[in-house]
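A short worksheet on the structure shown next.
What follows draws every value from the coordinates through simple rules; no lab data is involved. Predicted model, so just to flag it, every value in this text is computed and none were measured. Here the Cβ positions follow ideal geometry from the backbone for every residue, glycine too, while neighbour counts run over all protein chains shown.
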Amino acid sequence: MIVKQWVINGGELSENSFGSLPNFGGEVILMDPIKDKIQSTSRETRQDIIGKVLSYSCISLIVIVVLSIFAFVATKGLATFVVNKASLGDFLFGTNWNPSATDKAGNPLLGALPMITGSFGVTIIAVIFAAPFAIGTALYMTEVASKHGEKLLQSVIELLVGIPSVVYGFIGLSVVVPFVRTHFGGSGYGILSGAFVLFVMVLPTVTSMTVDSLRAVPRYYKEASLALGATKWQTIYKVLLRSATSGILTAIIFGMARAFGEALAVQMVIGNATIMPKSLLAPASTLTSVLTMGIGNTVMGTVGNNALWSLALMLLLMSLVFNIIVRFIGRKGRM
Amino acid sequence: MKTKLQNNIAITVIRVIAALVVLILAFLLGDILISGIPHISWHFLTAASQSFTSGGGIGVQLFNSIYLLLLTLIISFPISLGAGIFLSEYAPKNIFTATVRMAIEVLSSLPSVVVGLFGFLLFVVQMDMGFSILSGAIALTFFNLPLLTRNIEESLRAVPDLQREAGLSLGLSKWKTVTKVILPEALPGIVTGVVLGAGRVFGEAAALIYTAGQSATNINFGNWNPFNSTSPLNLMRPAETLAVHIWKINSEGVMPDAAAVSAGSSAVLIIAVLIFNFSARVIGNQLYRKLTATK
């Protein structure tokens, strides 16, 4: 009979085989091999540890990226106020943007109000146009259309999302600008053209999110309303739209965020004049358009360059604000 | 009767709006394709671009776009796969997960020009990589990560818990359950998402202007050594993509046929996006059929 024994030799376990009877004379511990197996790290546990490490590191990488985007842009953007001693009030409310020149007191002319106005102008006008269209299309898809119509609209929305922004810009340049010039006057470049282009660009975003929120309305709401004898429109207006309000608002805010951050398509049609826009038809500029034009033409570390980074910081903060608004609406909607 | 009339008017208005949206798309596609397709020829697709004379092509830009897209996918897919697995399988309900979700949401809503500027600051300037394909691919990765992560998470979540329980009850580790049981089942959804994301990356320009640069250096298609500066595979050469090219010739192009070149390029870009959209659906369906017992 062969008996396996584990003998402690100077603190280490070693396996001994004995020919005949076990020798109980020394310090011998009999240990179950199964116990040993259970107590040690199994292959499965090791796989799990590897999996956890991998997925945690991937997710941490994303968080680090986001944090460093904020850190880098904030450092650069705040330099205007810390290093170059520009005043925040002048930056936000000044109307004279000419970083290479200085005013009488020797401060650089960094009034960003023209760009801020331009950005908000195109965004708000685009969304005012887009919201009714998006809600109408979403209602068509969820309430009116047949299965085929719904599928058709679904593909239309997906394609509209897919069209690259430079292509929108190019169409804006070749179609919208001449259209505005002949029908509204002016050079054709301006906030109105920018808003037209953005209208088409945010339409699919707002529509598909509105569709989602309309679909989330419980079916029995609709059934109850129809059972009361309400017409389809009464049901839509008094029940569906009311209970989907927070979702629709979220969709509109997302549309605004997209419009606010869009760079190239707007830059191509807005005319890029860093002056206070006098009308919707006059050439103007947005935060993004000045950024795309300017970063390459200024030298790192100069006032002009830092001021551009301040604009970038502002874009970043605005996108944060839109996010916060969405969260706020979401919380309200749940109550 | 009044309510009936109201109802009819309202429904008609909704129909008209939907029809208008279809018309907008039809007009956009029609305009791009009709004005662009006549300019597309083999010469246009393969020749180098011209800065001052007409007759230039988009060969280099087209290659750059495809190469950059592949690089971006190679970098971003593993990261978002890990992140997606974390969010759907491992994420505990705590403040870390909440922070992570918020970070991804914020990243996905950041203007792409800001992402591009960050890439410019970190890679092009600080790390001294210059305008290069690699900087561009990393910037596009940042741009692509949140969408891809969310898509992978959703696809994984859609797999019923029964499958997870089955895997675990066979004694598989959680990791093996995820990679061998859950992932294959979620694959069709993931692939569809990746291809749709690829379409977006292919058309992105704002994030690339200051990372991959705005110049198409001459590349020698006979030289495939990635360490040679004229090789198409070189990671450190500046690379203007098709989308950036369209932007550039429209904002500062001086060649006489700028309008024709941008019309042609836009058509190529749109056709590429259409192909991506279409193949996303086809590949997804095919995979689903292959991996499941659906007929």
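Contour minus end-to-end for residue A:245 and residue A:49, with contour as 0.36 nm per residue of separation and end-to-end as the Cα-Cα distance? It would help to have the intermediate numbers written out before the result.
Numbers: separation 196, 0.36 × 196 = 70.56 nm, distance 4.47 nm.
Full extension of this stretch gives 66.1 nm more.
Would you work out if the stretch B:40-291 is rounded, prolate or oblate? Take a ≥ b ≥ c from the square roots of the eigenvalues of the alpha-carbon gyration tensor; rounded if a/c is under 1.5, else prolate when a/b is larger than b/c, oblate otherwise.
Values: a/c = 2.39, a/b = 1.88, b/c = 1.27.
It is prolate, given that a/c is not under 1.5 and a/b is the larger ratio.
In whole angstrom, note down how far apart the Cα centers of the stretch A:203-241 and the stretch B:147-188 are.
Value for the Cα centre distance between the two parts: 34 Å.
Which of rounded, prolate, oblate describes the stretch B:11-122, given a ≥ b ≥ c as roots of the alpha-carbon gyration tensor eigenvalues and a/c under 1.5 marking rounded, otherwise prolate only if a/b is larger than b/c?
On the way: a/c = 2.75, a/b = 1.36, b/c = 2.03.
Note, shape of the stretch B:11-122 comes out oblate.
Using label points projected 7 Å from each Cα along Cα→Cβ, tell me how many nm separate residue B:169 and residue A:152, to one decimal.
Inter-label distance under the simple model: 4.9 nm.
Starting from the 7 Å offset along Cα-to-Cβ, what nm value, one decimal, do you get for the label separation of residue B:187 and residue A:320?
Modelled inter-label distance: 4.3 nm.
As a quick test, which of the pairs A:76/B:93; A:147/A:232; A:332/B:4; A:278/B:248 have an alpha carbon distance above 26 angstrom in this structure?
Details: A:76/B:93 35 Å; A:147/A:232 18 Å; A:332/B:4 34 Å; A:278/B:248 28 Å.
In this structure, A:76/B:93; A:332/B:4; A:278/B:248 exceed 26 Å between Cα atoms.
Size of the stretch A:43-110 along its principal axes in angstrom, Cα-based, largest extent first?
74, 19, 17 Å, listed from the longest principal axis down.
Specify, per residue and in Å³, the volume enclosed by the convex hull of the alpha carbon atoms belonging to the protein assembly as shown.
Expressed per residue, the convex hull around the Cα atoms of the protein assembly as shown is 252 Å³.
What average count of beta carbons from other chains do you get within 10 Å of the Cβ of residues in B:121-129? Before the final figure, lay out each step's value.
Values: counts 10, 4, 0, 0, 1, 1, 0, 0, 0.
Neighbouring Cβ atoms belonging to other protein chains average 2 per residue here.
Rounded to the nearest 500 deg cm²/dmol, what is the calculated helix-only ellipticity per residue at 222 nm for chain A, with -39500 (n - 2.57) per DSSP H run of length n ≥ 4?
On the way: 14 runs with 213 residues, N = 335.
One gets -21000 deg cm²/dmol as the mean residue ellipticity at 222 nm.
Hey, what number do you get for chain B at 222 nm if only DSSP H runs of n ≥ 4 count, each worth -39500 (n - 2.57), divided across all residues, to the nearest 500? Walk me through the intermediate numbers first.
Values: 10 runs with 190 residues, N = 295.
Value at 222 nm, helices only: -22000 deg cm²/dmol.
So which residue, out of A:252, A:38, A:270, gets the largest mean-square fluctuation from a GNM of chain A using Cα contacts under 10 Å as springs?
A:38
Classify chain A: rounded, prolate or oblate, from the alpha-carbon gyration tensor (a ≥ b ≥ c, eigenvalue square roots; a/c under 1.5 rounded; otherwise prolate if a/b is larger than b/c)? Can you show the working numbers first?
Details: a/c = 3.44, a/b = 1.65, b/c = 2.09.
It is oblate, given that a/c is not under 1.5 and a/b is not larger than b/c.
Using packing as a proxy for protection, rank B:143-151, A:323-331, A:113-121, A:230-238 so that the peptide with the highest average count of other Cβ atoms within 10 Å comes first.
Working: B:143-151: 24.0, A:323-331: 15.0, A:113-121: 21.3, A:230-238: 18.4.
Final packing ranking: B:143-151, A:113-121, A:230-238, A:323-331.
Can you work out D for the stretch A:62-169 in µm² s⁻¹ from Stokes-Einstein, where Rh is the Kirkwood radius over C-alpha pairs, the temperature is 37 °C and the viscosity is 0.692 mPa s?
On the way: Rh = 18.3 Å.
In µm²/s, the coefficient rounds to 179.
Average partner chain C-beta neighbours within 10 Å, per residue of A:256-267?
Details: counts 0, 4, 2, 0, 2, 8, 4, 10, 12, 3, 0, 5.
That works out to 4 on average.
Could you tell me the calculated FRET efficiency between residue B:15 and residue A:128, based on Cβ-Cβ distance and R0 = 35 angstrom, to the nearest 0.05? Kindly include the intermediate steps, with their values, before the conclusion.
Details: r = 22 Å, r/R0 = 0.63.
Given R0 = 35 Å and the Cβ-Cβ separation, E is 0.95.
Please work out the Cα convex hull volume for the stretch B:119-186 and give it in Å³ per residue. Write out the running numbers ahead of the final one.
Numbers: hull volume 6.8 nm³, N = 68.
Looking at the stretch B:119-186, the number lands at 99 Å³ per residue.
Taking the highest mean first, how do the peptides B:231-237, A:219-225 order by number of other beta carbon atoms within 10 angstrom per residue?
Details: B:231-237: 18.1, A:219-225: 13.3.
Going from most to least packed, we get B:231-237, A:219-225.
When the distances between all Cα atoms of the stretch A:196-335 are binned every 10 Å from zero, what whole-number percent does each bin get?
Calculated P(r), rounded to whole percents: 11, 28, 26, 18, 11, 5, 1.
I need B:20, B:33 ordered by Cβ neighbour count within 10 Å, fewest first. Could you put the intermediate results ahead of the total?
Values: B:20 12, B:33 17.
Lowest count first: B:20, B:33.
Within 10 Å of each Cβ in B:2-12, how many Cβ atoms from other chains are there, averaged over the peptide? The partial results should precede the final answer.
On the way: counts 0, 5, 2, 2, 4, 8, 3, 1, 9, 8, 1.
For peptide B:2-12, the averaged partner shielding equals 4.
Would you report the distance distribution of C-alpha pairs in the stretch A:109-262 as whole percents per 5 angstrom bin, up to the bin with the largest distance?
Per 5 Å bin, starting at 0, the Cα pair percentages come out as 2, 9, 16, 17, 17, 13, 10, 7, 5, 3, 1, 0, 0, 0.
Quick one: net charge around residue A:205, please, counting Lys, Arg +1 and Asp, Glu -1 for every other residue with C-beta under 14 Å from its C-beta.
Taking every other residue near residue A:205 into account, the sum is -1.
In Å, what Rg and Dmax follow from the Cα atoms of the stretch B:80-147?
Rg then Dmax for the stretch B:80-147, in Å: 14.2, 42.
Let me see the pair-distance distribution of the stretch A:264-335: every alpha carbon pair, 5 Å bin width, integer percents in order.
3, 14, 17, 17, 16, 12, 8, 6, 4, 1, 0
Antiparallel versus total DSSP beta bridges in the protein assembly as shown: what percent is that, nearest 5? Show your work: numbers first, answer last.
Values: 12 of 13 bridges.
About 90 percent, rounded to the nearest 5.
What translational diffusion coefficient, in µm²/s and rounded to a whole number, does the Stokes-Einstein relation yield for the stretch B:237-277 at 37 °C and a viscosity of 0.692 mPa s, taking the hydrodynamic radius as the Kirkwood radius over Cα pairs?
On the way: Rh = 10.8 Å.
Diffusion coefficient, whole number: 304 µm²/s.
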